[in-house]
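Following: one structure in structure tokens, then a few remarks.
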Amino acid sequence: MKKIYIICLLFLTACEKNAENNLNEAVLNKSSIEHAIMNRWYKQSQLTLGEKVYRKNCMQCHNENAKGTQAWKQLSPDGNYPPPPLNGSAHAWHHDLGTLTRSIKNGGVPLGGVMPAFKDKLSEQEIRAVIAYFQSFWSDEVYSSWLENGGLE
């Protein structure tokens, strides 16, 4: 009987350690995933690619963390508007996914802006990934408003 008790005790201890390890692993994995992925259209792999694309093609104008230019609403001395924030604090969240995609593909020049077109430089996958990346800076409230206004259309 004593042997059975010891075996059961060892088994339960091992199970407890596995459960604790699994819980710790789940917490670590969750903390390594952006909170912004929860209930959003994109995946972690898109954020990873999007960050690379953003850093190479967008960051020089839209700045770190998609924060844009501070005075983005004011004309610059050359008569153009500076790059706006893409982090949810400006107007990017008012545009659906299709409009955001077209803006990146065609640039801002056709609309009187200065952003270059990226249709010959970025793939559809890279464009969607960069949108996912800058949307990851949007608060849940901004993202919800975007969805409610037809953001995925």
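Return the residue satisfying two criteria in turn: it lies in the range 40-55 and is of a type in the set (D, E, K, R) and either not assigned by TED's automatic domain parsing to the domain that holds residue 122 or not in a helix (DSSP H, G or I) (or both), and of such residues it is surrounded by the fewest Cβ atoms within 10 Å (Cβ to Cβ).
Checked the range 40-55; the qualifying residue surrounded by the fewest Cβ atoms within 10 Å (Cβ to Cβ) is 43.
Would you say residue 92 is modelled with pLDDT under 90 and surrounded by 14 or more Cβ atoms within 10 Å (Cβ to Cβ)?
No; evaluated as a whole, the condition is false for this residue.
Just to check your reading of the model, which residue among 86, 147 is out of contact with any Asp or Glu (no Cβ under 7 Å at 6 or more places or on another chain), buried (at least 17 other Cβ atoms within 10 Å of the Cβ) and closer than 22 Å to residue 45 by Cα?
86
The values are calculated or read from the model by the stated rules, or taken from the named source; none is laboratory data. What you see is a predicted model, and the numbers here were worked out from it, not measured in a lab. Please note: Cβ atoms are built from the backbone with ideal geometry, for glycine as well, and neighbour counts cover all protein chains shown.
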